[in-house]
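Here's the structure, in structure tokens; my notes come after.
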Amino acid sequence: MNTVPSRRVSVVVPTRDRPEYLRQALASIRALEGPDLTFEILVGDNGSDPRSREVAAEFAAIYIPVVEAGAGAARNAGLCNATGEYIAFLDDDDVWLEGHIRPHLAMLEEQPEIEGVMTQVIAVDDALRPLDEPWPIRAPREGDELVQSMLSGYYPQIGATVVRAAVRDAVGYFDERLLGDQDWDWQLRVARRRKLVYMPGPGVYFRQRPPGSYDALRLRRLGFGRRVFFRHALPEQRVFGSFKGLLGAYRNVMWQYYEYFVEAATERAEDGHPRTEIWRAIWGAMRTFPVRAAYHLVAPKPLRKAFLASLTPRRDHPPPPVVSAH
């Protein structure tokens with residue numbers, strides 16, 4: 001009688017005060033178990049909601065309290081306690097899809113020379129309704145082209161990545177000094193070993209915040225994004241072919257931040273938000289690309305339109321009706 005050997009995968013789940021999301025995430029992991037696959041779930045929690053511990057227990061997960069702030073610290077808590085032969089990840093507000101994990105493991109078993117596999121994600125709203133087609137539409141499969149792509153605007157979602165446990169020893173842990181983009185930094189370290197590959201096929205529902213709802217988070221990540229880019233792009237500058245190519249890659253990486261702030265400023269101006277909210281978004285655009293933003297404030301561009309709209313006096317209430325003297 002032929003039997004399929006069981007694989008054991010350690011799944012690292014960082015969480016902070018989102019027990020209902022955490023429940024959905026852990027349920028999606030356990031739903032994929034079978035005779036051929038078991039999970040060791042490690043929940044690193046640097047929040048304060050006691051329900052998170054209860055949810056972890058509900059799904060027989062290993063609960064690890066974490067004192068340090070940041071998703072990197074929470075991931076490291078799980079990573080250092082992982083005992084599976086493979087390591088996977090899932091953020092507490094995301095959900096694995098039915099076809100996840102097994103294709104990763106099959107590729108890792110078929111190609112012993114590779115160390116990790118990552119795949120597509122589907123952006124969804126809070127109710128897990130898809131917002132777009134699986135992303136990325138296409139990506140270079142491996143090697144220099146994959147590194148160049150990851151340094152030119154392709155951010156692999158950590159929940160769509162599976163690696164051999166040996167990767168932990170090869171590249172180390174997440175950089176806890178990075179309170180943003182530490183997952184991108186870690187995956188770049190793996191990719192730069194030229195043993196990480198991309199495989200098409202959606203594996204994760206990736207929850208999106210409402211547009212314009214997280215200025216402070218975007219501003220904070222802006223600095224970390226720059227740091228991670230130059231940390232890896234300068235040693236890998238040969239993959240860009242020229243200094244101009246390197247500058248183009250930097251623009252592509254930072255464009256997501258600029259686009260976010262321009263759209264936020266425009267939408268707030270159109271919806272009549274207080275001028276301080278519009279100015280905060282404009283300031284974010286200035287922080288991202290100072291010269292470009294300055295030009296867009298004087299040229300006939302959406303940013304200029306938003307700025308001028310913020311200077312227009314607004315009435316909180318409609319004017320009183322005119323009463324005829326007759």
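The values are calculated or read from the model by the stated rules, or taken from the named source; none is laboratory data. It should be emphasised that the depicted structure is a prediction, and the values quoted were computed from it without experimental measurement. Reconstructed Cβ throughout: ideal geometry from the backbone, glycine too, with neighbour counts over all protein chains shown. Areas reflect the complete protein model, heavy atoms only, side chains present, ligands, DNA and RNA absent. Shrake-Rupley method; radii C 1.70, N 1.55, O 1.52, S 1.80 Å.
Before moving on, here are some points about what is shown:
- Pairing each residue of region 298-326 that is of a type in the set (A, V, I, L, M) with any residue that is at pLDDT 50 or above and open to solvent by 100 Å² or more (accessible area, probe 1.4 Å), provided the two are 6+ apart or on different chains, yields no C-beta distance under 6 Å.
Residue by residue, here is whether (1) within 27 Å of Arg177 (Cα to Cα); (2) open to solvent by 90 Å² or more (accessible area, probe 1.4 Å) holds:
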{"residue": "Arg227", "(1), (2)": "yes, yes"}
{"residue": "Gln256", "(1), (2)": "yes, no"}
{"residue": "Phe261", "(1), (2)": "yes, no"}
{"residue": "Thr266", "(1), (2)": "no, no"}
{"residue": "Glu270", "(1), (2)": "no, yes"}
{"residue": "Pro290", "(1), (2)": "yes, no"}
{"residue": "Val298", "(1), (2)": "no, yes"}
{"residue": "Pro313", "(1), (2)": "no, yes"}
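- For first residues located in region 85-109 and closer than 12 Å to Ala160 by Cβ and at pLDDT below 95, partners that are surrounded by fewer than 23 Cβ atoms within 10 Å (Cβ to Cβ) and of a type outside the set (Gly, Ala, Ser) and lie 6+ apart or on another chain with Cβ distances below 9 Å form the pairs Gly99/Pro202.
- Residues of region 279-288 classified as open to solvent by less than 80 Å² (accessible area, probe 1.4 Å) and more than 25 Å from the chain's Cα centre (by Cα), total: 0
- Within region 71-94, considering residues that are of a type in the set (Gly, Ala, Ser) and open to solvent by less than 20 Å² (accessible area, probe 1.4 Å), the one nearest to Gln120 (Cα to Cα): Ala88
- Residue in region 238-256 that is within 17 Å of Gly153 (Cβ to Cβ), assigned to a helix (DSSP H, G or I) and at pLDDT below 90 present: yes
- Looking only at region 122-150, and only at residues there that are assigned to a strand (DSSP E or B) and touching an Asp or Glu at 6+ places or on another chain (Cβ under 8 Å), the one that is farthest from Tyr86 (Cα to Cα): Ala123
- Subset tally (residues that are open to solvent by less than 20 Å² (accessible area, probe 1.4 Å) and in contact (Cβ under 8 Å) with a residue 40 or more places away in the chain) for region 243-254: 2
- Options Ala139, Ala166; residue that is surrounded by fewer than 13 Cβ atoms within 10 Å (Cβ to Cβ) and either within 26 Å of Ala27 (Cα to Cα) or more than 16 Å from the chain's Cα centre (by Cα) (or both): Ala166
- Inside region 167-213, residues that are part of a strand (DSSP E or B) and aromatic (Phe, Trp, Tyr) make up a count of 3.
- Residue within region 95-102 that is part of a helix (DSSP H, G or I) and crowded, with 22+ Cβ neighbours inside 10 Å present: no
- Test: Ala82 is within 23 Å of Val167 (Cα to Cα), out of contact with any Gly (no Cβ under 7 Å at 6 or more places or on another chain) and of a type in the set (Gly, Ala, Ser): yes
- Test: residue in region 45-60 that is touching a Lys or Arg at 6+ places or on another chain (Cβ under 9 Å), touching a residue at least 12 places away in the same chain (Cβ under 8 Å) and closer than 16 Å to Gly159 by Cβ: no
- Verdict on Leu303 being surrounded by 19 or more Cβ atoms within 10 Å (Cβ to Cβ), of a type in the set (A, V, I, L, M) and at pLDDT below 95: yes
- Looking at region 1-89, the helices (runs of 4 or more DSSP H) lying wholly inside it that each contain 2 or more residues that are closer than 26 Å to Gly116 by Cβ sit at 19-30, 71-79.
- Taking the criterion of being open to solvent by 70 Å² or more (accessible area, probe 1.4 Å), farther than 22 Å from Glu98 by Cβ and out of contact with any helix residue (DSSP H, G or I) (no Cβ under 6 Å at 6 or more places or on another chain), the residues of region 28-65 that qualify are Ser48, Pro50, Arg53, Glu54, Ala57, Ile62, Pro65.
- Residue pairs meeting the criteria (Cβ under 6 Å; at least 6 apart or on separate chains; first within 18 Å of Arg194 (Cβ to Cβ), in region 226-242; second of a type in the set (S, T, N, Q)): Val239/Gln148
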